[in-house]
Structure formats: structure tokens, C-alpha cells
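**Student:** Quick one: this structure, given as C-alpha cells, is what I'll be asking you about.
Any read-out appearing in this document is the output of simple, stated calculations on the displayed coordinates, not a laboratory observation. Just so it is clear, the structure is predicted and the values come from calculations on it, not from any experiment. When we count neighbours, we look across all protein chains shown, and the Cβ atoms used for this are built from the backbone with ideal geometry, even at glycine.
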Amino acid sequence: MPAQNAAPNFFNRNLAMKKTFALSLFIFAMGLLAAQPAEKNLPPDFPQFDFRPSARPDRILLACAEDPATAQTVIWRTDTSIREAYAEIARADPSPEFDEYERKFRAETKVLLNDFAVAAYHQATFTGLQPGALYAYRVGSGPYWSEWIQFRTAEAAFQPFSFIYMGDAQNDLYSHWARAIRAAYCRAPGAGFILHAGDLINHSQNDYEWGEWFEAGSFIHRSIPSIATPGNHEYIKDTLGNKIGLSPFWNAQFQFPDNGPPGLEGQCYYIDYQGARIISLNSNQDYEVQAEWLEKVLAGNPNRWAFVTFHHPVRSTSKDRQHQTVLSLWKPILDKHRVDLVLQGHDHAYGRGQNLETSPDSSDASSGTVYVVSVSGAKMYPLAEQPWMSRAAENTQLYQVVEVFMDHLIYRSYTTGGEVYDAFILLKRPGRPNEILPLPTDIQEERRFINTLVGPDER
């Protein structure tokens, strides 16, 4: 009897082993699939531009150096036929012979491979510059050079200055975001820098979207230094939507100071600009490490002003989007040190309010810190009424211009049509929280998802 059952038992066991092996193989394959980027990195079906690199420099960008009074970093792209690239700089003189006195800097080159193109990214930092001076620079190699482009270094000590702050660009970059950044430049062509609060593009690995971002900003990226913080859309995601790492485009296209925690170079950093400390945090990871670092950087701030930017807001303008870790770990530090402005993105709406809560680290009833969420691109979310917001808007592309003086700053938020939507003076009061003094606006009502281009009967 046992001999008669041997064959069936063998085949049953063999079948079971095959099923187990097939199941294991399936699970392994699904694991590999889940670990792969979920993005398609190809251009659209009907691209407006050919963004393939050539020997001619493109995607030229100024990035703020740690000491913008004496140094300036420039980044650009070519194809890989350019193995040695250079940046030249000279004091800008009204005479066309200014370029006879240029200094040449050899660039550091990185090669980046993606699904669309292989490109060489070049970075050079001009050093030994004079504070408050006008310079002209160009980048290139051999016969291929950019035009001469002008910028001004920061002053060595406090001087009034202005800067531009822009929330998420992210979608429809060339068709819609272009008007926002160009309107901002027309409003404040002498701005010291442009601050981008994350989600510059929608798909971190999509070279075409990065091409549109550069095309939309055009010469503005070349002539006004950028300060940028990474958003969640700067991260590569797997098929399940989990973030698996910062896109290599970030460090290839941007070069910010390495004065942050190890492993967060160019993401978590600070820059001292004419009496203000501007701090970038990466709100995607390593929250405890950055909290400890932030405490030290704010405690040791020698400047009169402190501005902090990160992507995920302390307080959301939308429903069910509160980032509890940022709220619990970072907000107490920001309030303790009475940071003047916290400039954020992510929620695709506008909200602004001043902290009026009791701080456990201060005897005052409020820190006076002003928290702002803004959006400059075309993607919009509805507002959720929040008690922290003194001014709010939805379905509105905005940019902000901040003018910084010794004892006060002037903040204005503009629509792409140039209308003042929100405005106030933030007044420094020694030993007390800052005070907000409202300024007149062109639009008093709160903007909502209503088509304002047609009459009520035509909606």
C-alpha cells in the first residue's frame, strides 16, 4: 500500500514546491517593480522644445554661495563632448573692453544619465569678489560660450535689500508658471535673490519638465541668484508612491552651501545676506537631525533678521494635509527664536498668519513669527478655513516681494496681473514680538474658485 501512494505523494510535493517557487518569484518580481521609479521620464507626445543638450551652454543658473558678498556659484549644462568647461568673470564696466580683465575659473563637471538624454553639468564658484560690486560673467568652452551676464554681489554689512519668494511652480511650467516668474522680475528686477519653496517641477526625473522650468525663467535664472529648498516632487518615488531618494537632478543643477548636517548638503543650509540669515530645511527627511541643527544656527545668528524656508508647511491651508512632525519638532524652535518669516509651499493655496500662541520658551504671549504658504504655478487646491490665517486665497497664482530695512520689512503678495493681494509692514520691536501693520491692497475680498472672467449668468 505505501508503494502505491509513493508516486502521488511525490507529484503532490513537487507541485507544491513549484507553486511555492512561483509565488516567491512573483513576490520577488513585485518587490523589484515597487523599487523602481514610478515616473516616465520621456517628453510629452507633442513637445514644444527640443531640450537635448549640445556643446553650447544652456540651463545657466546662479546659486547663492555661503558668503554672497565675496563669492557666487554658477551652474550650466552641455552635452558630454565638453570635457573641460570654464567660467569667466570681470568687473562690469560701461566700456566694452571690460572683458580684457576677466578671471577664468575651471568648472567641476558631472555627467547625468536619464531616459531622455546624457548631459554634462558644470559648476564653478567665483571667489575673491568685492562686496556690492557689479560683475559680468560668461560660461563655456572652446568656441561655445554664453553671452556676458551681469549680477551684483551682496554688501558685506547690513544694507536694505529685497527678495522674491515663490511657492510651488510644479505644473504647466512653460505655459503658466512663466508669467508668474516674469511678472516677479518686472516688479523687482533688483532683487538680491529668488527663493523657491520646493516642488519646482512635477516629476523629479523628467528632464523635459526641468527644461520647461529653465525656459520659463530664461535669463532671470542667470542674473538673479536662486535659493531653493527641495519639495516632495524633487524626490524619486517607487510604484507605491514611496520616496526612495532625492533626484540626482537636484545636486547636478543646484549648488548651495555645505554648512548643514552631513548627508543633507545643498538641502539644509544657511546663507547670510546683508544682515539677514536665510535658512533652508528639507521637510522630507531627517527631522530630528535638522531640529538640532536649526537650534544651533538660530542661537548663533549674528544678523538682525531670520528667514526660514521649507516645503511642507507648519500649518496647512488645506484639509487633512497637516505635517505633524514639522509642527511638533520645528515650530517650537522657530517661535522660541522669533524667526521673522517662515516661507513655505506644498498646499497650492495662499495663507498668511502671525503666531499668536504662547511659546513654552518665551514669556511673551506670541513669538510674532509670520507663517506664509503660497503657490506660483497652475495647480490649485481648495482652502479649508483655518484659525491661524489672517489672509487667504485659492485658485490664484501669486508671487511675493519682500523689502528688508533696518527696523522693519515690507511684504507684498502680488497676482500675476500685478494686483496687491496681501501687504503688511513687519515692525521690529526690541525685546518684544514683531508687530504687523496692515497695508492697503488692490483686492479686499477673499479669492475663491470662481471664474471671474465671465458674468454670473455665463458660468
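**Student:** Given the chain reduced to its alpha-carbon atoms as identical point scatterers, what log10 I(q)/I(0) does the Debye formula return at q = 0.11 Å⁻¹?
**Tutor:** Rounded to two decimals, the profile gives -0.89.
**Student:** Which whole-number percent is the relative contact order of the stretch 81-203 (Cα, under 8 Å, 6+ apart)?
**Tutor:** 21
**Student:** Once each part is reduced to its C-alpha centroid, what is the distance from the stretch 243-284 to the stretch 163-242 in angstrom?
**Tutor:** The distance from the Cα centre of the stretch 243-284 to that of the stretch 163-242 comes to 15 Å.
**Student:** I need the P(r) histogram for the stretch 266-391: all alpha carbon pairs, bin width 10 Å from 0 out to the longest distance, whole percents.
**Tutor:** Going from the shortest bin to the longest, the percentages are 13, 45, 35, 7, 0.
**Student:** Say a paramagnetic label sat at a point 7 Å from the Cα of E66, along Cα to Cβ; which residues of the stretch 122-160 have their backbone N under 15 Å from it?
**Tutor:** Label zone hits: 125-128.
**Student:** Which aspartates and glutamates, on any chain, are close to K379 with Cα under 15 Å apart, when same-chain ones fewer than 8 places away are left out?
**Tutor:** Within reach: D168, D172, D199, E209, D347, E394.
**Student:** Among H196, H203, rank each residue by its count of other Cβ atoms within 10 Å, from fewest to most, as a rough exposure measure.
**Tutor:** Least crowded to most crowded, the residues run H203, H196.
**Student:** Taking only Cα atoms, what is the 0 to 90° angle, nearest 10, from helix 178-187's long axis to the longest principal axis of the chain?
**Tutor:** Result, in degrees: 20.
**Student:** Next question. So, with +1 on the Cβ of K and R and -1 on the Cβ of D and E, and no other charges, what is the size of the charge dipole of the chain about its Cα centre, to the nearest 20 debye?
**Tutor:** 860
**Student:** So, one more: Across the stretch 129-145, in residue order, what do the Karplus-derived ³J(HN,Hα) couplings come to in whole Hz, using 6.51 cos²θ - 1.76 cosθ + 1.60 with θ = phi - 60° and x for Gly and Pro?
**Tutor:** 7, 8, x, x, 10, 8, 10, 10, 9, 8, 10, x, 6, x, x, 10, 9
**Student:** Do the alpha carbons of any pairs in K336/K428; K237/K336; K243/K331; K243/K319; K296/K428; K296/K331 sit beyond 26 Å of each other, and which pairs?
**Tutor:** K237/K336
**Student:** Within 10 Å of each residue's Cβ, count the other Cβ atoms and sort H176, H348 from fewest upward.
**Tutor:** H176, H348
**Student:** In addition: For the chain, what is the mean residue ellipticity at 222 nm derived from helices alone (per DSSP H run of n ≥ 4: -39500 (n - 2.57); sum divided by total residues; nearest 500 deg cm²/dmol)?
**Tutor:** Dividing the helical sum by the residues of the chain leaves -6000 deg cm²/dmol.
**Student:** Nearest 5 percent is fine: what portion of the DSSP beta bridges confined to the chain is antiparallel?
**Tutor:** Of all bridge pairs located within the chain, approximately 80 percent are antiparallel.
**Student:** Right, another one. Just how far, in whole angstrom, is the stretch 78-142 from the stretch 406-435 if you go by their alpha carbon centroids?
**Tutor:** 37
**Student:** When Lys and Arg each count +1 and Asp and Glu each count -1, what net charge do the other residues less than 14 Å away from P96, Cβ to Cβ, add up to?
**Tutor:** Net charge in that neighbourhood comes out at -4.
**Student:** Order these by the 10 Å Cβ neighbour count, fewest first: K331, K296.
**Tutor:** Taking fewest neighbouring Cβ atoms as first place, the list is K296, K331.
**Student:** Looking at F151, Q344, F405, which one has the Cα that reaches farthest to the positive end of the dipole of the chain (charges on Cβ: Lys, Arg +1; Asp, Glu -1)?
**Tutor:** The residue sitting most towards the positive pole is Q344.
**Student:** In percent, what relative contact order does the chain have, based on Cα pairs under 8 Å that are 6 or more apart in sequence?
**Tutor:** Relative contact order of the chain: 13 percent.
**Student:** With a sphere of radius 10 Å drawn around the Cβ of Y414, what net charge do the other residues whose Cβ falls strictly inside it have (Lys, Arg +1; Asp, Glu -1)?
**Tutor:** Local charge sum for Y414: -1.
**Student:** With θ set to phi - 60° and the Karplus curve 6.51 cos²θ - 1.76 cosθ + 1.60, what are the ³J(HN,Hα) couplings of the stretch 379-392 in order, to the nearest whole Hz, using x for Gly and Pro?
**Tutor:** 7, 10, 10, x, 7, 10, 4, 10, x, 6, 8, 8, 9, 8
**Student:** Let me spell out the model: positive unit charges on the Cβ of Lys and Arg, negative unit charges on the Cβ of Asp and Glu, origin at the Cα centre of the stretch 206-326. What dipole size does that give, in debye rounded to 20?
**Tutor:** Computed about the Cα centre, the dipole is about 440 debye.
**Student:** For the stretch 142-263, what is the charge dipole size about the Cα centre, in debye to the nearest 20, if Lys and Arg each add +1 at the Cβ and Asp and Glu each add -1 at the Cβ?
**Tutor:** Computed charge dipole of the stretch 142-263: roughly 340 debye.
**Student:** What number do you get for the stretch 58-152 when its Cα radius of gyration is normalised by 2.2 N^0.38 Å, N = residues?
**Tutor:** Here the Cα radius of gyration is 1.11 times the empirical estimate.
**Student:** Net charge within 10 Å of W148 by Cβ-Cβ distance, Lys/Arg positive one each and Asp/Glu negative one each, not counting W148 itself?
**Tutor:** Net of charged neighbours comes to -3.
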